[in-house]
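Here is the structure we will look at, set down as C-alpha cells.
The values are calculated or read from the model by the stated rules, or taken from the named source; none is laboratory data. Everything numeric here is computed off the predicted structure, so don't read it as measured data. Cβ placement follows ideal geometry from the backbone for every residue including glycine, while neighbour counts extend to all protein chains displayed. We work out accessible area using only protein heavy atoms, side chains counted, and drop any ligands, DNA or RNA first. Shrake-Rupley method; radii C 1.70, N 1.55, O 1.52, S 1.80 Å.
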Amino acid sequence: MKKRSKINVYQLVGLVVILFAISSCSDNFWNEQAGERITPDQHYKSEKDAEISVFGAFAPIRDVMPQMIMLDGMRSDQMVPGPGADAYLQEINWQSISVDNPYIDASAYYKVIINCNEVLAHIDTVATLDRNFDEFFLNTFKGGLITLRSWSYFTLVKLYGEAAWIPDNYATLPVGMTQNMLSKAVMIDSLISQLTPYVFDPTQGKEFIEFNFSPIMNTKAVLGELYLEKNDYINAAKYLKLACESFLNQPGVYKVDKSYTKEGWKNIFMSASNQFTENLSYVSYDLYEKQINPLPTWMMASDRYMVKPSQALVDSFKTQIDLKKAVGDAFRGVKITYDTLATANETYISKYSLDKGQEFSTDIIISRAADLHLELAEALNRTRVKGDDVTALILLNAGWSNEKVKPSAWNKWSGNLGIRGRAYLASKVVPDSVDLVSNGDTTTVKLEGEMRIEYIEDLIMDERAMELAFEGKRWFDLVRVANRRAKPEYLANKVASKFTDQSMADQVRAKLMNPASWYLPMKK
C-alpha cells in the first residue's frame, strides 16, 4: 500500500529539528545547552511555520516509540525473548533492569517537553504576522502543544513513578539545573489543570474542535486517560466519550464502525496516517526519507527475531469464539497480530510487517479509537452509576448499532459495532453466579458488587490485550488495575505466567509483588 507523501513537510522538519535540538541521548542531558539554532525571529512568521514547529517538537518521539513497544511487551505478559534477544532485552524480561539499559532512556520525552515550551513561547508571534492564523488556530495549536507536552510528562510518570518538572518558560535547560521531581499523583493533578482550559471555549460556550494531524494529540483523550489513572471514573468517562465524539459532524469518526470489520481490521496498521477514522495519533516512518521503523527488523523471524509473542497471548487469540461459533480470532490473530513459521512450531510478531514491501515505513500508532472505547468501557464499569456497567459491555461487545433502544446521549453512536462485534466475535456474557474453590471445596456465590465490577473489568483487560497487542499499552494496563485493586498479585501472576521455567516464574512473581519494582530506575 502506497503511503501518503510527506516529503515536503519532512524536508522542512529536518531544518526545524535544529531549532529544537537540545542534546543527544547522553549522560549529560541535564547539563547541556542547545547548539546553534535558527533564531525565533527568522522562523515564526506564518501558519505553515507553526505547523512545521509542531512536527519539530514531536520529532524525538520517532526514536523512542520502538523502544517503548519493546519495553512494554517484555515487561508485561505479551512478549518473550526470541533467538536474537540481546542482554538488555533479557534483563527487561527478568525484571532486573539496569539504569544504563538503552530501552529505558527518558531523554526523548524531555526533549519533547522543552521543544513544546519553545514553540509555545513564540507562537503568538505568528498570530501577529499571519492574518489567517486567527484566535481559533492559535488556541488550537496551543492546546495541541500543551497536550503533547502533557502526554510526555504522563508517559514519564507511568514509566518511572516520578518525573522532573521543567518550568513552562524554560525553552532550554540551564547548566546545573536543580531537578524538581514530582510524583505520579502530583503530576497528574498538575496536567489536568493545564489541559482543562483547552477542552471548552468559555467565550463561545462550547467545546474546542480537535485538529486532525498527528502531532497534535486529542486533548480530551489525554485528559480522560489522566482521570482514569487517577481513578476518577466519572470524569474519565466524560472526557473519553467526548474524545470519541471529537468530530461531531462525522458520525463514523472514532466510533468503531464498519470501516475496519473482519478482514479490514488489519488495514488500521497499513499506512496508519491514512486511517483517520480510527487513528487519533501516530508516529510516521518513511524508508525513502531515511525514517526507518526498526520494529520489523527486531520482530520478523527472517531478520533479527529479538522478541516473539508469549504463548499465553497466542492462546487467547486461538480460544476466541466467533459469531458462527467457530474457534479462533480469525481477523486479529494468526497472520495479523502474529504468524507462524512453516518449518517449526514457532511464532513471531507480524503486526508491524503487514504492509508487504514497505515494512520499514510502518507507522506506530500512539492512540486509536478502539483504545479509547475500551478505556471508556473500563471507566463506565467503575462509576457505580446504574446502567453504566451494561453500557460498558455494549461497547466491549456488539456496540450500539445492535441495541434497539439507546439513551439520547448515545444517538451519535448508531453505527457503533463494539470492539468484539467489529472483529466478528461472540459477545462476552456476565453470569449471575460463579464458583469459588477454597481448600478443595467449591462454593457458588452470586456475582454482584465489587466481584461483578472486577469480573467485567477482567473481560475488558483481556480484550485490550488482544485488540492492542504490541501497541505499548499492556504494562500500563496491568499497573493501573493492580494499583486500583491494591492487589500486586494481579500484575505479578500475569507476568509470571509467561515463563515456562517455574523457578524463573517464581522469582519474577516475588519481585513484582513489590509495587516499587513496577517503576524503572532513572538516571538523575
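Measuring with a 1.4 Å probe in the full set of protein chains, what accessible area per residue, in whole Å², belongs to the chain?
Per-residue value: 41 Å².
Please compute one quarter of the surface area of the Cα convex hull for the stretch 397-512 and express it in square nanometres.
Dividing the Cα hull surface by four gives the mean projection, 10.4 nm².
Under the 0.36 nm per residue contour assumption, what length would be gained going from the current alpha-carbon distance of E489 and S414 to full extension?
Length gained, E489 through S414: 23.0 nm.
Mind listing the Cα extents of the stretch 108-198 along all three principal axes, in Å, largest one first?
43, 31, 18
List the relative contact order of the stretch 97-180 as a percent without decimals, with contacts defined as Cα pairs under 8 Å and 6+ residues apart.
Details: 53 pairs, mean separation 33.4, N = 84.
Result for the stretch 97-180 is 40 percent.
Express the carbon and sulfur contribution to the solvent-accessible surface of the chain as a percent, rounded to the nearest whole number, probe 1.4 angstrom. Present the calculation step by step, with values, prior to reporting the outcome.
Working: 11260 of 21680 Å².
Ligands and nucleic acids excluded, carbon and sulfur reach 52 percent.
Give the distance, in whole Å, between the Cα centre of the stretch 273-340 and the Cα centre of the stretch 429-506.
Taking the Cα centre of each part, the stretch 273-340 and the stretch 429-506 sit 23 Å apart.
Using the alpha-carbon centroid of each, what span in Å lies between the stretch 349-427 and the stretch 40-72?
If we compute the Cα centre of each part, the gap is 29 Å.
Testing the spin-label approximation: label points 7 Å from Cα along Cα→Cβ at N231 and D134. State their distance in nm.
Taking the simple label geometry, N231 and D134 are separated by 4.6 nm.
Work out the length of the dipole vector of the stretch 393-524 about its Cα centre, built from +1 on the beta-carbon of each Lys and Arg and -1 on the beta-carbon of each Asp and Glu, and round it to the nearest 20 debye.
On the way: 21 positive and 17 negative charges, 149 e Å.
Taking the Cα centre of the stretch 393-524 as origin, the dipole is about 720 debye.
Are there any GluC sites (Glu not before Pro) in the stretch 443-509 that are in a DSSP loop and have at most 11 other Cβ atoms within 10 Å? List them by number.
On the way: sites: E448, E450, E454, E457, E463, E467, E471, E489; in loops: E448, E471.
Taking the stretch 443-509 and a limit of 11 other Cβ atoms within 10 Å, the loop GluC sites (Glu not before Pro) found are E448.
Can you flag which of K184/K487; K241/K386; K386/K487; K158/K498; K324/K412; K230/K487 are past 21 Å Cα-Cα?
K386/K487; K158/K498; K324/K412
Could you tell me, in Å, what Rg and Dmax come out for the Cα atoms of the stretch 93-147?
Using the Cα atoms of the stretch 93-147, the pair Rg, Dmax is 17.8, 57 Å.
Given Cα pairs under 8 Å that are at least 6 residues apart, what percent is the relative contact order of the stretch 360-465?
24 percent
Compute the relative contact order of the stretch 414-486 as a whole-number percentage, counting only Cα pairs closer than 8 Å that sit 6 or more residues apart in sequence.
Working: 31 pairs, mean separation 11.9, N = 73.
This gives 16 percent for the stretch 414-486.
Given the -39500 (n - 2.57) contribution per DSSP H run of 4+ residues, what per-residue ellipticity at 222 nm results for the chain, rounded to the nearest 500 deg cm²/dmol?
Mean residue ellipticity, 222 nm, calculated: -13500 deg cm²/dmol.
Over 21 Å between Cα atoms, which of K446/K494; K258/K308; K220/K255; K266/K308; K111/K220 qualify?
Checking Cα-Cα distances, K446/K494; K258/K308; K111/K220 exceed 21 Å.
Compute the distance in nm between two label points, each set 7 Å from the Cα along the Cα-to-Cβ direction, one at N402 and one at Y288.
With each label placed 7 Å out from Cα toward Cβ, I get 4.2 nm.
Computed FRET efficiency, Cβ-Cβ of R62 and D168, R0 30 Å: what is it to the nearest 0.05? Let's see the in-between values first.
Numbers: r = 24 Å, r/R0 = 0.81.
My answer for the efficiency is 0.80.
When a/c reaches 1.5 or more, the comparison of a/b and b/c decides; with that in mind, is the stretch 465-524 rounded, prolate or oblate per its Cα gyration tensor?
rounded
Taking 1 over the mean of 1/r across every pair of different Cα atoms in the stretch 273-344, what Kirkwood radius in Å do you get?
It is 15.0 Å.
Limiting things to C-alpha atoms, what are the Rg and the maximum Cα-Cα separation (Dmax) for the stretch 213-352, in angstroms?
Considering the stretch 213-352 through its Cα atoms, Rg and Dmax are 18.0, 51 Å.
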